[in-house]
Amino acid sequence: MNITRRNFLGSSAAVFAAAALQNHRAYSANEKLGVCVMGLHGRGGSHLQAYAKSEHSDLLAICDADENILNNVGDQLDSKLPHKVKRYVDVKDVLADASIDILSIATPNHWHTLASIWAMEAGKDVYVEKPATHDFWEGKQIIAAAKKYGKIVQHGTQSRSSNQWQRDIPLIRSGEIIGKIHTARCLGFKTGDNRDSIGFADDQEAPKHLHWRLWQGPAPEKPYNPNYHPYQWHWFWHYGNGEIGNQGVHQMDIGCWGMDKGLPSKIYSAGGRYTYEDQGETHNTNTALLTYADGTMLVFDVRNRYTNNEDGVGVGNLFYGDTGYYVQGKGFFDKKNQPIVLPEGKHPLPPDQDCFENFLAAVKSRNEAEIHGNMEQAHLACSHMHLANISYRLGRSLDFDTATEKFVNAPDADAMLRREYAPGFEVPELA
């Protein structure tokens, strides 16, 4: 078992520099890219499956702070792949491995930005799950890192690779079909067992198979609690961003893509954790109103309690214009609620491409323009979510100066744009 228990709080500069020299190169068209997946629970399974089956990648390594998960997944992969995968607990050991070209990150949210920047510094290209950031400030740092190190970084908002959205978003924005857009509505209605009460649990000693300090990484030290790991961390501000920062970032990204307005200037978010009392902190029901300088707006609805869908949509997007509207999965409608049939042959669907295959192609071509979900787009979608959560947590409406990227006369809100980090795990200030 290839696990190193080194002091991961030590200096990483030499490790990263050595790896970067070996990984700063071009790739041939037929070359397989060496991949390590970091974070194996939940979305990590999709990463593993994609890289294992692709003819453009070689799944060489896996990384997780939980040795039980690491070894269970490793044993499964070893029985299916033509080679044994390397198993790492500490991501710094991954970054020192010159055979790894790509770090694919599916950890909890609080690790996303730091792991991405460390990987770029070490010469690796990055696929990072949504949300790319745990707070607003991190978005500017990950953008700056991609530019500084010249790396390909793709956000895990798979809808950017959907040929349906690639055709329909330009039509929504053009005004040609439903007129000038005034509102985007994003729906995140996720119910089921893992959205029910998580109950209460006492802090306790972490199990021996879980490297708790390493799992926490950039997050300041807290005692282990079984309600944090492996999934319910989503509902605690210290590690997650609630449902709007979980499923919601996908729909938020589509809403921002369709509106094309940049950052909002007014934010109001309200709701609560309804129908039960438990240890979770984030809302299970929420409406966020994000208004742009021209008065148009984006509305986001979270419903983790039992609910109807709206116009057949439970998780998805709607757009409203002055002559009609758009419903995801159904298409365009006029002001009399009649379907608008697109002229035959005038608006064909572009070729469809899997999001991971798109990423691998962009890594090989080194063409940032090919990325479906770059860091500027990721930061915009994540920022809407972060700003909405700040308004919710403070319990009031906020004005935001899009030029300075600070709140107006709200120092308590400004303080929430950037978190404190654990020693040895600070996100570097690059912008």
> Looking at ASN358, ASN337, which one is at pLDDT 95 or above, among the polar types (S, T, N, Q) and assigned to a loop (DSSP other than H, G, I, E, B)?
Replying inline: ASN337
> If you scan the range 190-234, which residues turn out to be of a type in the set (Phe, Trp, Tyr), within 24 Å of THR133 (Cβ to Cβ) and touching a strand residue (DSSP E or B) at 6+ places or on another chain (Cβ under 8 Å)?
Replying inline: TRP215
> Going through the range 136-174 one residue at a time, which ones are in contact (Cβ under 8 Å) with a residue 12 or more places away in the chain, surrounded by fewer than 21 Cβ atoms within 10 Å (Cβ to Cβ) and basic (Lys, Arg)?
Replying inline: LYS140, LYS148, ARG167, ARG173
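Please go through the range 361-379 and pick out each residue that is of a type in the set (D, E, K, R) and in a loop (DSSP other than H, G, I, E, B). Break it down into steps so the answer makes sense when it comes.
Initially, the range 361-379 is screened for residues of a type in the set (D, E, K, R), giving 364, 366, 368, 370, 376.
The one that is of a type in the set (D, E, K, R) and in a loop (DSSP other than H, G, I, E, B): ARG366.
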> Is it fair to say ALA61 is in a strand (DSSP E or B), in the same structural domain as LEU40 (by TED's automatic domain parsing) and either in contact (Cβ under 8 Å) with a residue 12 or more places away in the chain or within 25 Å of the chain's Cα centre (by Cα) (or both)?
Replying inline: yes
> When the range 310-323 is examined, which residues are found to be part of a strand (DSSP E or B) and of a type in the set (D, E, K, R)?
Replying inline: GLU310
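Working only within the range 109-140, note down all residues that are touching a Ser or Thr at 6+ places or on another chain (Cβ under 6 Å) and within 17 Å of GLY373 (Cα to Cα). Quick ask: steps written out before the conclusion?
Here is the first cut: in the range 109-140, the ones touching a Ser or Thr at 6+ places or on another chain (Cβ under 6 Å) are 113, 126-128, 130, 133, 136, 138-139.
Within the range 109-140, THR113, VAL126, TYR127, VAL128, LYS130, THR133, GLU138, GLY139 meet the criteria.
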>> Consider the range 355-411. How many of its residues are small (Gly, Ala, Ser) and surrounded by fewer than 20 Cβ atoms within 10 Å (Cβ to Cβ)?
In response: 7
> TRP233 is checked against (1) closer than 19 Å to ILE390 by Cα; (2) buried (at least 23 other Cβ atoms within 10 Å of the Cβ); (3) of a type outside the set (Gly, Ala, Ser) and fails just one. What number does that condition carry?
Replying inline: (2)
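Quickly run through the range 261-279 and pick out the residues that are surrounded by 15 or more Cβ atoms within 10 Å (Cβ to Cβ) and not polar (S, T, N, Q). Walk me through how you get there before you give the answer.
Taking the range 261-279 as the starting set, the residues that turn out to be surrounded by 15 or more Cβ atoms within 10 Å (Cβ to Cβ) are 261, 263-271, 273, 278-279.
Result: LYS261, LEU263, PRO264, LYS266, ILE267, TYR268, ALA270, GLY271, ARG273, ASP278.
Take the conditions farther than 26 Å from VAL126 by Cβ and among the aliphatic types (A, V, I, L, M) and apply them to LEU394. Does it pass?
It is true that LEU394 is farther than 26 Å from VAL126 by Cβ and among the aliphatic types (A, V, I, L, M).
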> Pick from the range 160-202 the residues that are at pLDDT below 95 and part of a helix (DSSP H, G or I): which of them is farthest from CYS256 (Cα to Cα)?
Replying inline: ASP193
> Counting just the residues of the range 70-112 that are among the polar types (S, T, N, Q) and within 30 Å of GLY242 (Cα to Cα), which one comes out surrounded by the fewest Cβ atoms within 10 Å (Cβ to Cβ)?
Replying inline: ASN72
> Going through the range 116-135 one residue at a time, which ones are under 16 Å from the mean Cα position of the chain (by Cα) and surrounded by fewer than 24 Cβ atoms within 10 Å (Cβ to Cβ)?
Replying inline: ASP135
> Just checking, how many residues over the range 335-371 are over 16 Å from SER161 (Cα atoms) and in contact (Cβ under 8 Å) with a residue 60 or more places away in the chain?
Replying inline: 5
>> Name the single residue that is surrounded by the most Cβ atoms within 10 Å (Cβ to Cβ) among those in the range 175-230 being of a type in the set (Gly, Ala, Ser) and within 26 Å of the chain's Cα centre (by Cα).
In response: ALA184
>> Please count how many residues of the range 278-316 are farther than 27 Å from PHE407 by Cβ and in contact with a strand residue (DSSP E or B) (Cβ under 9 Å, 6 or more places away or on another chain).
In response: 13
> What number of residues within the range 276-309 are polar (S, T, N, Q), part of a loop (DSSP other than H, G, I, E, B) and out of contact with any Lys or Arg (no Cβ under 7 Å at 6 or more places or on another chain)?
Replying inline: 5
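The values are calculated or read from the model by the stated rules, or taken from the named source; none is laboratory data. Values in this document were obtained by computation on a predicted structure and should not be read as measured data. Cβ: placed from backbone, ideal geometry, glycine included. Neighbour counts: every protein chain shown.
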